[in-house]
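Please read the structure below before turning to the comments.
The values are calculated or read from the model by the stated rules, or taken from the named source; none is laboratory data. In this text, all values refer to a predicted model and were calculated from it rather than measured experimentally. So basically every Cβ, Gly included, is an ideal-geometry build from the backbone, and we count neighbours across all protein chains shown.
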Amino acid sequence: MIYFQPGEVVEVKQNIENKPRMVVKSASKARMPRNGTETKNVLLGIKCFWFTADGVYLEHTFNSKDLQHA
């Protein structure tokens, strides 16, 4: 299993032209009910940010299976 920590540089695994190098901002998680009073943390995705060639700040949450360390 591959884990991503805030501050690491990543990119999408898919071979896409001009894909940006991104910085991991955080792991988005949610608490889901499980067996009555018990709860479980569920990973929703990895929130990353990057800057375009024009200097515009962008941010998106990706499935961890779609990312790799750059």
> What strands (runs of 3 or more DSSP E) completely inside the chain contain at least 1 residues that are β-branched (V, I, T) and in contact (Cβ under 8 Å) with a residue 24 or more places away in the chain?
Replying inline: 9-12, 22-34, 38-51, 57-62
> How many residues are surrounded by 10 or more Cβ atoms within 10 Å (Cβ to Cβ), at pLDDT 95 or above and either closer than 17 Å to Q68 by Cβ or of a type in the set (K, R) (or both) if we restrict to the stretch 1-48?
Replying inline: 19
> In this structure, does Y57 turn out to be hydroxyl-bearing (S, T, Y), modelled with pLDDT under 95 and over 9 Å from the mean Cα position of the chain (by Cα)?
Replying inline: no
